[in-house]
1. If I model a spin label at residue 51 and residue 17 as a point 7 Å from the Cα along the Cα→Cβ vector, what separation in nanometres do I get?
2. Run the helix sum for the chain: -39,500 (n - 2.57) per DSSP H stretch of 4+ residues, divided by residue count, reported at 222 nm to the nearest 500 deg cm²/dmol.
3. On a 0 to 90° scale, report how tilted helix 12-23 is relative to the longest principal axis of the chain, with both axes built from alpha carbons and the result rounded to the nearest 10.
4. Whole number please: convex hull volume per residue, Cα atoms of the chain, in Å³.
5. Give the calculated FRET efficiency between residue 1 and residue 35 to the nearest 0.05, with a Förster radius of 25 Å applied to their Cβ-Cβ distance.
6. Please work out how much length the chain gains when fully extended from residue 58 to residue 26, using 0.36 nm per residue of separation minus the C-alpha to C-alpha distance, in nm with one decimal.
7. Using per-residue counts of other Cβ atoms within 10 Å, averaged over each peptide, order 50-62, 2-14 from highest down.
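All of the numbers you see were taken from the coordinates with simple rules; none came from a lab. Predicted model only: the values in this text are computed from it and were never measured. Positions of Cβ are generated from backbone atoms using ideal geometry, with glycine treated the same way; all protein chains shown enter the neighbour counts.
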């Protein structure tokens, strides 16, 4: 069983990739800017419950060092 991490995977190409990896039997880590995974996205992924996790990750802001 493969473990896949896809950044920006809550919509568009990233979401399509995540869905295909889930269909192939992989465990998938999804990430996006939202604090939680949108309900509509959760519904679409409901057949894969337990095969994915969501990690919020917003890298839009640049931190000064």
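1. 1.8
2. Values: 2 runs with 18 residues, N = 65.
That comes out to -8000 deg cm²/dmol.
3. Orientation of helix 12-23: about 40 degrees from the principal axis.
4. Values: hull volume 6.0 nm³, N = 65.
About 92 Å³ per residue, rounded to a whole number.
5. Values: r = 28 Å, r/R0 = 1.14.
It comes to 0.30.
6. Numbers: separation 32, 0.36 × 32 = 11.52 nm, distance 2.44 nm.
Value of the extension gain: 9.1 nm.
7. Sorting 50-62, 2-14 by mean packing, highest first, produces 2-14, 50-62.
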